[in-house]
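All remarks here apply to the structure that follows.
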Amino acid sequence: MALFSNLFGKKENAPARIAPILPQEIYESGVLELKDIIAPSALKITPRELNLGDKIVRTFFVISYPRFLSDSWFSPIINLDKVFDISIFVHPIETAKVLRQFQKKVAEVESQISERQQKGLVRDPVLDTAYQDLEGLRDRLQQAQEKLFDVGLYISIYGDTNEEIDKIESEIKGILEAKLVYLKPALFQQEQGFKTVLPLGNDLLEVHSKLNSSPLSSIFPFISFDLSSDKGILYGINRHNSSLVLFDRFSLENYNSVTFAKAGSGKSYATKLEILRTLMFDADVLVIDPEKEYEYMAEATGGRYFNISLNSEHHINPFDLPAPRPDESKADVLRSNIVNLVGLFRLMLGGLSPEEDAVIDRAITETYALKDITADSDFSNIEPPLLSDFELVLAGMEGGESLAQRLTKFTKGTWAGFINKPTNIDINKKFVVFSLRDMEDELKPVAMYIVTHYIWNAIRKELKKRLLVIDEAWWMMKSEDTASFLLGLAKRCRKYYLGLATITQDVDDFLRSPYGLPIITNSSIQMLMKQSASSIDILQKTFSLTDEEKYLLLESDVGEGIFFAGTKHVAIKIIASYTEDQIITSNPSQLLAIKKAKEELAQTGQ
């Protein structure tokens, strides 16, 4: 009864009674405060670390620095893909007090040097260097060019197990000791060390090194990699420091890019977002779209959309000849087009022997001659031949009969409506899309070759800033001729102010082609998004990824990845505004909602 009485405030020799508990007190007893929310469930302090709930934390301090500290020496630690906290305490020292101590120290060093000289001992370079450093620093302090500080640098690392903590400790020590910077754990002071690293501004460890202004500035913490420039478009958000990834592809040595990602990782979304923002900066954009993902975007931006298929009303004649540029001759244009046509027929006919190759080459020349097209012709006022004209010439040549029969399906058979008609399209718009979704898979590489060649001829007519996007480029890597043409395009397009954006989800097919790696090396920008476990190893080897970057790509969410530009690369997250998202989305549910809203709006208008 005594304990019960004490709990409820019973006075000695007074009648026992229970004080009423007010509703307000009941409410307040159950309210959580901020410290209740952020505090760990349990705390255990050991000489080498703390156990904070399920996490282990270990704190270190820097005990020694080298004579010289290079710029950004601390950046490898700051950019390390680990969970850790860093606290830097900078305590200014009064210059007058320092100068008095310097005078005494300089006198001591001078005395030691003089004593060695009197004894005839060999000069000690350590003493000479110390004397020069002291004198130089004393002069700069006296002239107010430098100040001196007591600096404490503390690091707390976090992990789930002691093995993980030991591994992180070894990695951090290895990086710093390579720069002659040495760490020590706060033995028997882990509690004080943890409180020191907390954002409370309390330096409880007080392990300081004296640094003047210049080396102190090299520890500046906000030096994580970024790609923010004063011009260009917004590619996304830097996942490391939330800065903007602003970049202009046309500021690099070439304007090409490659994007690798598994299906559903957001590669087309990121590409369409770049296209939308590129259109705002006076650049034309052309897209080869194998999946009909850009139709709504072309409609929304006032562009042109061409559906390339066997039954389409849009046609491209591969025998078209572009007008020569001022720096090239008609003979060069004709010769180049004949070479490209040989590659096209090699692709259409499933390969050619050396003899058949020679027959095709001669037949193309004679087909042009049949229409009075030679190296001296005016290409702007000619009617180019059709595939059926080429077939007639080929059928009348020795060794060309079987080749003509193999071409029959493209001129009279099932595939006759594809390329045996005059060109009837015009790409004189800022945004142009060629859709190949309805083309049979067997003919997609042929269609991509023809469309790309047509675009290339159109681009050469006029020098203008343009971006050519080839989505699902692995279709072109399946054939040596199309892959070779794509590589040639990547090498030559800079001359015509063209950026080539190559996008693929089939990494293995792309990189196993002998043309895959050269295309990557001729691309100044690379975007790697979420990858599958089957392709990550070949990507790691190709792009020299660290293990942390490898796992980042395996675990990335939709719209996340690594953005390479020149010599820099950052972890990126693609973010679009609401309006941009409505224009570029490929999400079926969103597309259905947009379609339904348009139908309702149309009915309301009626």
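The values are calculated or read from the model by the stated rules, or taken from the named source; none is laboratory data. Computed from a prediction, not measured in an experiment: that's the story for all the values here. When we count neighbours, we look across all protein chains shown, and the Cβ atoms used for this are built from the backbone with ideal geometry, even at glycine.
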Any residue at all in segment 327-341 that's under 19 Å from residue 459 (Cα atoms), in contact with a helix residue (DSSP H, G or I) (Cβ under 9 Å, 6 or more places away or on another chain) and in the same structural domain as residue 473 (by TED's automatic domain parsing)? no
All conditions in (1) among the polar types (S, T, N, Q); (2) assigned to a loop (DSSP other than H, G, I, E, B); (3) over 44 Å from the mean Cα position of the chain (by Cα); (4) modelled with pLDDT of 85 or more are true of residue 388 except (2)
Conditions (1) surrounded by fewer than 16 Cβ atoms within 10 Å (Cβ to Cβ); (2) modelled with pLDDT of 85 or more; (3) of a type in the set (S, T, N, Q); (4) farther than 23 Å from residue 478 by Cα; number of the one not met by residue 381: (2)
Can you go through 318, 324, 354 and tell me which one is of a type outside the set (A, V, I, L, M) and touching an Asp or Glu at 6+ places or on another chain (Cβ under 8 Å)? 324
Starting from residues that are part of a loop (DSSP other than H, G, I, E, B) and surrounded by 16 or more Cβ atoms within 10 Å (Cβ to Cβ), keep the ones in segment 582-592 and report whichever is modelled with the highest pLDDT. 585
The one condition in (1) surrounded by fewer than 19 Cβ atoms within 10 Å (Cβ to Cβ); (2) closer than 21 Å to residue 547 by Cα that residue 159 fails to fulfil: (1)
Going through 519, 503 one at a time, which residue ends up being part of a helix (DSSP H, G or I), crowded, with 16+ Cβ neighbours inside 10 Å and at pLDDT 90 or above? 519
Residue satisfying all of: in segment 299-322; over 18 Å from residue 272 (Cβ atoms) and in contact with a helix residue (DSSP H, G or I) (Cβ under 6 Å, 6 or more places away or on another chain); modelled with the lowest pLDDT among these: 322
Those helices (runs of 4 or more DSSP H) lying entirely in segment 281-371 with at least 2 residues without any contact (Cβ under 8 Å) to a residue 40 or more places away in the chain and within 22 Å of residue 497 (Cβ to Cβ): 330-348
Inside segment 550-581, the number of residues satisfying the requirement of being surrounded by fewer than 20 Cβ atoms within 10 Å (Cβ to Cβ) and at pLDDT below 85 is 4
Looking only at segment 459-469, decide whether some residue is touching a Pro at 6+ places or on another chain (Cβ under 7 Å), assigned to a helix (DSSP H, G or I) and either outside the structural domain of residue 263 (by TED's automatic domain parsing) or at pLDDT 85 or above (or both). no
